[in-house]
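Working notes, structure below.
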Amino acid sequence: MLVAAAVCPCPPLLVPEVAQGAAPELDAARNACTGALGVLTAARPGRLLVVGPVDGPGPETYPEGAAGSFRGFGVDLDVRLGAAEGADPRPRLPYALTVAAWLLERTGWSDAPVEGLGVGESYPPGLCARTGRDIAHRDERVALLVMGDASACRTLKAPGYLDERAAPFDAEVARALGAADVAALTALDTGLAHELKVSGRAPWQVLAGAAEGADLGGSLLYEDAPYGVGYIVASWS
């Protein structure tokens, strides 16, 4: 059963070594992520699943100890997803789960075993919901760390340029995540999400499936678009 969830954005810029001189601009987002992970710790889960976007259709699974690296961003920094004993040292985590592994290491996560799951942009809502329900039945007390960004079209300098539909879309997502509104997340427009370059749509819909019947409450901890990309942090418990 799902007992808690943390929703965080997944830009490598969250890592100060990657952001370098721009690091202070995301201090508020980092602090909000720390607060969201604190909710997971307080829930005392028996298992933590980290869900994030991948380039392919997915789903792709990643065992505890899977490695990730920020060397592709010019930073000599490697991380692991949970305990590293006996793990393959070669980096294989996608960037979103690498950021998640960094967040977990930063907060000293040791409360429960960790696994990773990657879902692609084309993963349909029905399968997202089914995957979430399966996750919720893996343990009596399951927690989720859900990674993903909102639209990448909030400003003229955004990766997807300015799209006037982006701000209203992100506002509704922030409202739904802050209210733990399972129905609203399940009903997100996949076509519009694709056009707005939203990486979090499928992970959020996995969360919605896992939360069915769990009666969790939500709290919105952060919402902004400092680089024209919507970043949202929320906690459910």
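The values are calculated or read from the model by the stated rules, or taken from the named source; none is laboratory data. Small disclaimer: the values here were computed from a predicted structure and weren't measured. All Cβ positions, glycine included, derive from the backbone under ideal geometry; neighbour counts span all protein chains shown. Each accessible area value is taken on the protein alone, full model and side chains, heavy atoms only, with ligands, DNA and RNA left out. Shrake-Rupley method; radii C 1.70, N 1.55, O 1.52, S 1.80 Å.
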Checklist outcome for this item: Length gained, His137-Tyr161, 0.36 nm per residue minus C-alpha separation, equals 4.6 nm
Checklist entry - Between the DSSP loop rule and a limit of at most 10 other Cβ atoms within 10 Å, which trypsin sites (Lys or Arg not before Pro) in segment 135-237 are left? => result Lys157
Checklist entry - Glu25: accessible area at probe 1.4 Å, nearest 10 Å²? => result 100
Checklist entry - Which is farthest toward the positive dipole end of segment 16-173 among Ala42, Ala67, Gly160, measuring Cα position about the Cα centre, with Cβ charges +1 (Lys, Arg) and -1 (Asp, Glu)? => result Ala42
Checklist entry - Using a ≥ b ≥ c from the Cα gyration tensor of segment 1-113 (square roots of the eigenvalues), is it rounded, prolate or oblate, where a/c under 1.5 gives rounded and otherwise the larger of a/b and b/c decides, a/b for prolate? => result oblate
Item to check | Protein accessible area in segment 2-236, 1.4 Å probe - carbon and sulfur % | outcome: 51
Item to check | Amide H contacts of Gly82 (H built 1.01 Å from N, under 5 Å, at least 5 apart or other chain) | outcome: Gly65
Checklist outcome for this item: If amide H atoms are modeled at 1.01 Å from N in the peptide plane, then the residues at a separation of 5 or more from Leu2, or on another chain, having amide H under 5 Å from its own are Val142
Checklist entry - At 222 nm, what helix-only mean residue ellipticity would the chain give, in deg cm²/dmol to the nearest 500, using -39500 (n - 2.57) for each DSSP H run of four or more? => result -9500 deg cm²/dmol
Checklist outcome for this item: With all protein chains in place and a 1.4 Å probe, Thr190 shows an accessible area in Å² (nearest 10) of 60
Item to check | Cα gyration tensor shape for the chain, rounded if a/c is under 1.5, else prolate or oblate | outcome: rounded
Checklist entry - For the chain, what is the relative contact order in percent, using Cα pairs closer than 8 Å and at least 6 residues apart in sequence? => result 29
Checklist entry - Antiparallel as a % of all DSSP beta bridges within the chain, to the nearest 5? => result 45
Checklist entry - Using a 1.4 Å probe, what is the accessible area per residue for the chain, in Å²? => result 42
